[in-house]
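Any read-out appearing in this document is the output of simple, stated calculations on the displayed coordinates, not a laboratory observation. Note that this is a predicted model, so its numbers are computed, not measured. FYI the Cβ positions are ideal-geometry reconstructions off the backbone, even for glycines, and counts take in every protein chain you see.
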Amino acid sequence: MARRGHGEGSIYHRSDGRWAASISLEGGKRKTFYGKTRREVQEHLNSALYDQQKGTLATGPQQKVGQFLIHWLEDVHKQSVRSRTYERYEEIMRLHLVPGIGHHQLQKLSPQHLQSFYTKKLEEGLSTTTVISFHNVLHKALETAVRWKLISYNTCDLVSPPRRKHFEIQPLSIEQVQQLLLAARGHRLEALFILALASGLRRGELIGLKWQDINFQTGMLQVRRILTRVPTKMQDPHGAKYVEAEPKTEKGRRSILLPSFVVEALKQHRVKQLESKLKGGSTWQDHDYVFCTSIGTHLNPTRDVLDQLKALLRKAGLPDIRFHDLRHSSATMLLSMGVHPKIVQEILGHSQISMTLDVYSHVLPTMQQEAMSKLNDALQG
């Protein structure tokens, strides 16, 4: 016989020997818990009543973690993220999350399950950065599950992801930058490398840049778009492999005042491009790109840009660095010259100044030393 306490639920002994507790939900439905002892189901009931009072009781249908993750990605999240982001999330789901924890019931996913999953991935040789990305994707998905009342809380909040190892960037020194620019003199993309080192623009921002984005009278450059690759799974056999897209964040849409030597380099580059346009004749495709192929189409980020950088680095006898390290070099030079981190943040398009300070913390001690030296000169008796 059911025994009720203050009309808040019921506990009863089933004919199969198990105990059960149930609670009334909206719409006349009931949620039932099972256990081996009365005390066990009483604890479940008390917890459910507490969650119901707070409005956090999970009332959605039971499902596996894998089912929910696939539904969340394909039917919910896919519409609100870039195609490249979707591609990365899909790989994380398909290759790691679903095989690793997808078999668990969503409402029974525990911190121990996640901690074991993270540990296993690290033991398989994956980096802490990669495992942290699994944690971040899963956290976003489970936040939706909480809002939908499929679960009472986000299990990721109870787990400590691996500690991120500090990544040592490889910026070029001012002397090395000068060597690189000397090696690039006369190169058809000389202006691109000058602009990259002076402005810290990302590769996708550089190859997506159009002449309409540059005001030669004021020297102002507007970052309005990036060129991004279409994920392999979403490519049309006859369609474009790269498309223009808006910057990822609001801060990414920014204005950068260019030094006069950069403006002059761009003017010379434009003259050469007009000459190529005349030579190209009917084969020229006018997309207004600042940096383009011999027929006016966008550059290939790897073949036309990265490979050219690697060749110039070898020519200059410089270390083999990534293209993104030109951005780091630009920021490091500006900070070491005493430019305020807030200005550097705006130039780079970082969403928060904390990101700028974290990435370029290696420059701060020198800045502090110079600041204290100036203070000492000003105030010493």
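Dividing the summed helix terms, -39500 (n - 2.57) for each DSSP H run of n ≥ 4, by the number of residues in the chain produces a 222 nm estimate of -13500 deg cm²/dmol to the nearest 500. Close amide H partners of Val230, meaning residues 5 or more places away or on another chain with modelled amide H under 5 Å apart, are Tyr242, Val243. Close amide H partners of Lys210, meaning residues 5 or more places away or on another chain with modelled amide H under 5 Å apart, are Val290. The residues packed around Thr297, meaning those with a beta-carbon under 14 Å from its beta-carbon, carry a net charge of 0 if Lys and Arg are +1 and Asp and Glu are -1. Within a straight-line Cα-Cα reach of under 19 Å, Lys272 can be paired with the following aspartates and glutamates, leaving aside sequence neighbours fewer than 8 residues apart in one chain: Glu190, Asp213, Glu264, Asp286, Asp288, Asp304.
Its relative contact order, with pairs defined as Cα atoms under 8 Å and 6+ residues apart, puts the chain at 13 percent. For the cross-link pairs Lys78/Lys165; Lys140/Lys241; Lys31/Lys108; Lys267/Lys315; Lys108/Lys149, the ones whose C-alpha atoms lie over 19 Å apart are Lys78/Lys165; Lys140/Lys241; Lys267/Lys315. Roughly what angle does helix 38-54 make with the longest principal axis of the chain, taking Cα atoms, 0 to 90 degrees, to the nearest 10? Tilt relative to the chain: about 50 degrees. For Ser10, nonlocal amide neighbours, meaning residues 5 or more places apart or on other chains whose placed amide H falls under 5 Å from its own, are Ser22. The convex hull drawn around the Cα atoms of the chain, when projected onto a plane and averaged over every direction, covers 30.4 nm². 3J(HN,Hα) couplings calculated from phi for the stretch 350-357 with the Karplus curve 6.51 cos²θ - 1.76 cosθ + 1.60 (θ = phi - 60°) are, in sequence order, 5, 5, 9, 5, 4, 5, 4, 5 Hz; Gly and Pro show x.
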